[in-house]
Amino acid sequence: MLMLWLPEWDHRQRRGEKRSILAEEVRMAVTGIVEDNSKIRDLIQKFLNMQEGFSCPVAVESIEEMLEYLEENPAPDVLLMDIQLPGMSGIEGMKVIRNKYPEIEMIMLTVYHDTHKIFDSLVAGASGYLLKHTSLPEIVEAIRTLMEGGAPMSPQIARKVIGYFNASKKENRPENGLTSREQDIVTGLVDGLSYKLIADRYDISIDTVRAHIRNIYKKLHVNSKAEVIAKSLRGEI
Amino acid sequence: MRMISILCPFLIFLACSLQSVTADAQTLPFRTYTIEHGLSESVVHDLIQDRDGYVWIATGYGLNRFDGHQVDRWYSRDGLNDDQIYALFEDVQGRIWIGTESGVNIYEDGAVRSVTGLEDMERYSVISILQDREGEWWFGTDGAGVWLFESGGQLTQFSTVHGLGGNRVREIRQDGEGVLWFATDGGLTGLDTGNFNTWTRSDGLSGDQLYDLDIDERNSIWIATGSGISLMEDGEIQPVAVGPIYEELPTYSIRLDGLNRVWAGTEQGVLQITEGRVESYTTADGLPGQIVYSVMVDREGHPWFGTFGGGVALWMGDWLQNWSVDEGLTSNLVTSITGDSQGRIWIGSYGGGVLSKDAESMESWDRGDGLDDNKIHALWFDRQERLWAGTDAGLNRIEGGVVRSVESQFADLDSVRALYEQDSGDFWVGTYRNGVYRYRTDGQRDHFHDENLLPHNSVVAITGDSDGAVWFATYGGAVRYRDGEFMTITVEDGLPSNGVISLSADHPDGVWIGTYSGPALYRDGEVQTFSSEHIYASAVTHMLFHDSTGVIWMGTNQGLIRFDPDLYRTATNSRERERAWRQITREQGLPSNEFNTGALYRDREGAFWIGSVEGVSRFHPDRVPLSESRPLVHLQSVTVAGEEVDWSRRGSFSHDRNLIQFSFSGISFDAPSGILYEYRMAGVDSDWTVTYDRTVRYPSLSPGEYRFEVRAYNSSGVVSLNPASWSFEIERPLWMQWWVLMIAGVAVMGIILIIYNYYRIRRMVDIERMRVQIASDLHDDVGASLTELALQTDFLRAGNPEPEVGETLGQIGDHSRRIVSALDDIVWYIDARNDRAGDLTDRMQDHANSLLTVRGTDIHYNFSGLDMDRRLPVQIKENLYLIYKEAVNNIAKHSDATAVHVTLKVDGRNFYLEVADNGKKQQERRRSGQGLRNMNMRANRMGANTDIEVENGFRVVVRGRF
């Protein structure tokens, strides 16, 4: 069942495709922004539009506006989303968007380096997070990494991931359990190992580590049994 | 004062007339209790006194119990088999056995009940009861013989068939040798060792119909028969000589009083037989009924008589002799008494003129004999044995039985109230309206009145003291005349009243002055008064005299008052002072409680004659009965908040029922109204309180343990042996119970703690919230602006500016980001969700990763043994992080290290942080840079020690305790 969930990146990964090949094949990274601070929003949008291979056709103030946009326009590949927003909160909005447009990758933009909020957003559907004061080139780099199948995961997030899946086990949600390799990687992250050290420890490539991490994010996005059932009824599973 | 002087005679007269109108026949030394006093009926069949002192009265309708104050009554509706009660008996357990028209009842513990096993007797009238020394019961019936009720419950009837003299058995007694004696209607039957023997007229009995018997300590049997009294001594029966009348009449009852006197109730009054001398008392002597069915002698020695139709009478002794118009007086309002050398008594009365009497004869004089008026106020024998009589209309003299006219110098006197002749021969005449006159031996007359030397013109008594001074009782105070000088003693000197009406000047203590408000003593310029709880201490003292022992006697409007000044003087408390006073009233046989001013005379035998509104009485002060028997005292009722409670056992009442009233009664039939009570409430009163009331109220007792005690003193001052008492408790209200108080205390403390904690926590929360708010606001507003700034520089740099400009922009961006990062740290460590050890290590790793990993430095963390869920104090977390951050920044800035080792341990409350690298570029490090100083400062803030080495690589160790 989980297999059905794996995005195409993973299929490619399993097929042994190389990152460089993927990079060449990458199409224009279409990005959307939901950010209530108009200056930051405009700066990021302008900067992205200036980058080669990037476009940012939509930068709105709220989830509601983004949803309207998505109704009538093709979905972007990546959404940068603030958490504190007027109207629907970023975390709520992520859930809504992920349910409707599961193909959109979401990156949380946050002022706080607040692991709790970050983790909440990861569970809600984000595949990564960025501090707002991250420099614009770094933001572009992060989007690119994500598009290429990478995913950041800090030790504290990793620790929360372990706690989350342990709790899930206790609640008898085996469908969300981590595989042993995923478990290894998360443990490595908790120990503070870099992706490289983890890849060395387990004799795998950094890309594989990233792919595993992305998969762990996906698993996080199924929040409850009820949600699984809902997806199943909609024919998504 | 003048008002009183005018009104007083009128009031006295009015009181006298009322008294004479309402006075009943109780003029002789019998005290009577009738249905007016509460008896249920006037026919009295039997009388007994129980161990508690109560007198039980078997009447023709109902059973009565009397304590001297009130009568309790029981009828068939209260459980008696019949309302007709014949016989009473108190057994060794204190139960009262009651013989009725229909069998036997028992009174026990406040209730009357039937006796199991005696149902068969309900067909018979039980007229006599005895418990013999073996504890077995004998019941004499009216016509059905005698019944033996054995302790086993067996009931046996004995009658004439068995040898009983007759089947009507009126009395059963057991003598000292154990022989049972039955007074039957067929003679005297004795039961000795199983044999009935009967004595009849033929054996010397004065009659065969027997009514009663009593046995003295020599086993002599006094027998009341249908015709006189017989005495059985040593088996020989003799009639007792009681005079021809009584020898023919039935004697219904006979009792020995333990004082060698035999009292017998007969068809015509009572006989008293003392060593062969017989005295009779009939209705003429004050007995309330002629037929006397029963006689009983109480514990104080008073004989009681139960009469047919007249209730109960109590003989008060022969200490007092009384004469009234019934005995030949011309008037009962005796105002003056004197005596001549032959022992004749001369009596002046209000309206009855002058009367003289001796044991044999009486002679009287009135207006018809030449007296100015029949209203006599004063009599005086002068040294020539001439009787002077002061009347309401002048002065008269009786010589040789003839009323003579007085000398002209006396002729203008009108209402004469007092007469006195000095040893010098000077003769004083006190008047009601004109002061006092002195008739000197030289024939001159002096007149003293309120316009010269007297305080008042009413002079009602005159006497002389041993110093030769003359004393006058006036309505304006007491006046002394000595050596030609008058001295007046009034209320200003301490007299209870200016209305002085009696004097006694020959007492060793000084001059006693009787006023309208009690007595006073004058000596050497000092006036002393005497107090009592009883009203009689301030009674109208019509006459005042003393006996040979110095005891003061006062005839008042409250009876005769005996006052012992020595006892009063030596008393140390109010109760002992009360003992100095004693009241003798109609209860003790006085014909009246109202005496008349000046009607006092001491005869040659030392006896006093006193005049009252009911004639004249004579008594010897030393023969006034003083009961030495201890009174008994009982609680009568206890009411708590108005409800009567059972005081036979300990009581317990709620705190709001704390109004308690005690009624009690002392039993002394000597003088029931003269009983003095002392009570105290242990728990409230430290001392005894004295009262004559029989009720005490405690209006609002606070919760606690109490014991009420009361004891009684009889009129002679003898105290009861055991006080009556009752213990009870007023419960603490719920809110005063110890456990409630404790719970409440704990609750209050708890609430205080909760409130305290609530406010403390709220304050802390408020502070925390405020900090978070400040930090967040800083972060949001400042952080957002700085973020904008940083992004702006990024944007500008992306536009490829001049290298210098680009560098400047980069610096601006970096600064902005550093500030945002610092704000971020603040927000992190004040957030309570981030206070676990794991949060700290996460952030430590995060920081190192972002700074060092980027450079390719390997970081090795040693968090082994660290409990990631262990909570750390905010201050510790903050400072440890900042030290760590400083160290990592230091390494990142200045070190060429390729590996960094980070160790964090928390052991109990001890913590340990170590950051060490393997850098070689020591020389480039600033040994005491700002960073190192910051680390020391932060360590100090949390009371930790820092150890910084820069020799072999950079190494910071922080040890501390929280």
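The values are calculated or read from the model by the stated rules, or taken from the named source; none is laboratory data. Here the structure is a predicted model, which means the values were calculated and not measured. Glycine also receives a Cβ, built like all others from the backbone with ideal geometry; neighbour counts cover every protein chain displayed.
What tally of residues in the range B:621-660 results from selecting those that are part of a loop (DSSP other than H, G, I, E, B) and at pLDDT 90 or above? Residues flagged as part of a loop (DSSP other than H, G, I, E, B) and at pLDDT 90 or above within the range B:621-660 amount to 1. In the range B:446-464, how many residues are over 17 Å from B:SER415 (Cα atoms), assigned to a strand (DSSP E or B) and free of Cβ contacts under 8 Å to residues at least 24 places away in the same chain? Total meeting the criteria: 1. Only strands (runs of 3 or more DSSP E) whose full extent lies in the range B:105-174 are considered here, and the ones with at least 2 residues that are within 41 Å of the chain's Cα centre (by Cα), at pLDDT 90 or above and crowded, with 21+ Cβ neighbours inside 10 Å are B:126-131. Filtered by the rule that a residue be farther than 24 Å from B:SER715 by Cβ and of a type in the set (Lys, Arg), the range B:29-86 gives B:ARG73, B:ARG77.
Here the condition is being more than 14 Å from chain A (Cβ to nearest Cβ), assigned to a helix (DSSP H, G or I) and at pLDDT 80 or above; of B:GLU768, B:GLU804, B:GLU705, B:GLU729, it holds for B:GLU804 alone.
Residues in the range B:843-865 that are crowded, with 21+ Cβ neighbours inside 10 Å, facing another protein chain (nearest Cβ under 8 Å) and in contact with a strand residue (DSSP E or B) (Cβ under 9 Å, 6 or more places away or on another chain): B:GLN845, B:ALA848, B:ILE859. Is there a residue being touching a residue at least 12 places away in the same chain (Cβ under 8 Å), in a strand (DSSP E or B) and of a type in the set (Asp, Glu) anywhere in the range A:67-83? The answer is yes, given that some residue of the range A:67-83 is touching a residue at least 12 places away in the same chain (Cβ under 8 Å), in a strand (DSSP E or B) and of a type in the set (Asp, Glu).
One residue stands out among those in the range B:869-888 that are surrounded by fewer than 16 Cβ atoms within 10 Å (Cβ to Cβ) and without any contact (Cβ under 8 Å) to a residue 60 or more places away in the chain: the one that is farthest from A:LEU189 (Cα to Cα), which is B:ARG871. Checking the structure you have, find out if any residue of the range B:886-895 is in contact with a Gly (Cβ under 8 Å, 6 or more places away or on another chain) and within 11 Å of chain A (Cβ to nearest Cβ). Checked against the condition, which is being in contact with a Gly (Cβ under 8 Å, 6 or more places away or on another chain) and within 11 Å of chain A (Cβ to nearest Cβ), the range B:886-895 yields no hits at all.
This table checks each residue for (1) among the polar types (S, T, N, Q); (2) modelled with pLDDT of 90 or more.
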{"residue": "B:ALA183", "(1), (2)": "no, yes"}
{"residue": "B:GLY187", "(1), (2)": "no, yes"}
{"residue": "B:GLY190", "(1), (2)": "no, yes"}
{"residue": "B:GLY194", "(1), (2)": "no, no"}
{"residue": "B:THR198", "(1), (2)": "yes, yes"}
{"residue": "B:ARG201", "(1), (2)": "no, yes"}
{"residue": "B:TYR211", "(1), (2)": "no, yes"}
{"residue": "B:GLU217", "(1), (2)": "no, no"}
{"residue": "B:SER220", "(1), (2)": "yes, yes"}
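Determine whether the range B:734-757 contains at least one residue that is crowded, with 16+ Cβ neighbours inside 10 Å and either under 21 Å from B:VAL638 (Cβ atoms) or out of contact with any strand residue (DSSP E or B) (no Cβ under 7 Å at 6 or more places or on another chain) (or both). Checking the range B:734-757: not a single residue is crowded, with 16+ Cβ neighbours inside 10 Å and either under 21 Å from B:VAL638 (Cβ atoms) or out of contact with any strand residue (DSSP E or B) (no Cβ under 7 Å at 6 or more places or on another chain) (or both).
Among residues of the range A:191-207 that are over 21 Å from B:THR841 (Cα atoms) and away from every other protein chain (no Cβ under 12 Å), those with a Cβ under 6 angstrom from a residue that is part of a helix (DSSP H, G or I) and of a type in the set (Phe, Trp, Tyr), sequence gap 6+ or separate chain, pair up as A:ILE206/A:TYR195. Scanning the range B:210-234 for residues that are surrounded by fewer than 22 Cβ atoms within 10 Å (Cβ to Cβ) and in contact with a helix residue (DSSP H, G or I) (Cβ under 9 Å, 6 or more places away or on another chain) gives a single hit, B:SER227. Any residue in the range B:786-797 that is more than 9 Å from chain A (Cβ to nearest Cβ) sitting within a Cβ distance under 6 Å of a residue that is of a type in the set (A, V, I, L, M, F, W, C)? List the pairs, counting only those 6 or more apart or interchain. Once the first residue is more than 9 Å from chain A (Cβ to nearest Cβ) and sits in the range B:786-797, its partners that are of a type in the set (A, V, I, L, M, F, W, C) give B:LEU796/B:LEU809. In the range B:59-100, how many are in contact (Cβ under 8 Å) with a residue 12 or more places away in the chain, acidic (Asp, Glu) and either surrounded by fewer than 18 Cβ atoms within 10 Å (Cβ to Cβ) or farther than 24 Å from B:TYR33 by Cα (or both)? Final tally of qualifying residues: 2.
Against the condition among the basic types (Lys, Arg) and surrounded by 23 or more Cβ atoms within 10 Å (Cβ to Cβ), how does A:LYS100 come out, does it pass? The answer is no for A:LYS100. Which residue out of B:THR198, B:THR184, B:THR193 is of a type in the set (S, T, N, Q) and buried (at least 22 other Cβ atoms within 10 Å of the Cβ)? Only one candidate passes the filter, namely B:THR184. Here B:TYR246 passes the criteria (1) in a strand (DSSP E or B); (2) more than 18 Å from B:GLY140 (Cβ to Cβ) except the one numbered (1). Could you tell me whether any residue of the range B:438-445 is free of Cβ contacts under 8 Å to residues at least 12 places away in the same chain, surrounded by fewer than 19 Cβ atoms within 10 Å (Cβ to Cβ), of a type in the set (Asp, Glu) and out of contact with any Leu (no Cβ under 8 Å at 6 or more places or on another chain)? Checked the range B:438-445: at least one residue is free of Cβ contacts under 8 Å to residues at least 12 places away in the same chain, surrounded by fewer than 19 Cβ atoms within 10 Å (Cβ to Cβ), of a type in the set (Asp, Glu) and out of contact with any Leu (no Cβ under 8 Å at 6 or more places or on another chain).
Kindly indicate whether any position in the range B:817-828 is aromatic (Phe, Trp, Tyr), at the interface with chain A (Cβ under 7 Å from one of its Cβ atoms), in a helix (DSSP H, G or I) and crowded, with 16+ Cβ neighbours inside 10 Å. Yes, there is a match, as at least one residue in the range B:817-828 is aromatic (Phe, Trp, Tyr), at the interface with chain A (Cβ under 7 Å from one of its Cβ atoms), in a helix (DSSP H, G or I) and crowded, with 16+ Cβ neighbours inside 10 Å. Exactly one residue out of B:LYS920, B:LYS905 is out of contact with any strand residue (DSSP E or B) (no Cβ under 8 Å at 6 or more places or on another chain), more than 13 Å from every other protein chain (Cβ to nearest Cβ) and either outside any helix (DSSP H, G or I) or modelled with pLDDT under 80 (or both), and it is B:LYS920. Here B:GLY152, B:GLY165 are screened, and the one residue that is without any contact (Cβ under 8 Å) to a residue 12 or more places away in the chain, small (Gly, Ala, Ser) and farther than 30 Å from B:HIS634 by Cα is B:GLY152.
Let's see how each residue does on (1) within 11 Å of another protein chain (Cβ to nearest Cβ); (2) touching a helix residue (DSSP H, G or I) at 6+ places or on another chain (Cβ under 7 Å); (3) under 27 Å from B:ASP781 (Cβ atoms):
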site: A:LEU43; (1), (2), (3): yes, yes, yes
site: A:TYR69; (1), (2), (3): no, no, no
site: A:SER89; (1), (2), (3): no, no, yes
site: A:THR115; (1), (2), (3): yes, yes, yes
site: A:VAL123; (1), (2), (3): no, yes, no
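Exactly one residue among A:PHE165, A:PHE119 is crowded, with 18+ Cβ neighbours inside 10 Å and at pLDDT 75 or above, and that residue is A:PHE119. When the range A:91-113 is filtered for residues that are in contact (Cβ under 8 Å) with a residue 60 or more places away in the chain and either on the phi > 0 side of the Ramachandran plot or within 14 Å of chain B (Cβ to nearest Cβ) (or both), only A:LEU109 remains. Residue count for the range B:304-344 under the criterion of being surrounded by fewer than 24 Cβ atoms within 10 Å (Cβ to Cβ) and either without any contact (Cβ under 8 Å) to a residue 60 or more places away in the chain or of a type in the set (A, V, I, L, M) (or both): the result is 10. The residue list B:GLY615, B:GLY611 contains one member that is on the phi > 0 side of the Ramachandran plot and modelled with pLDDT of 85 or more, which is B:GLY615.
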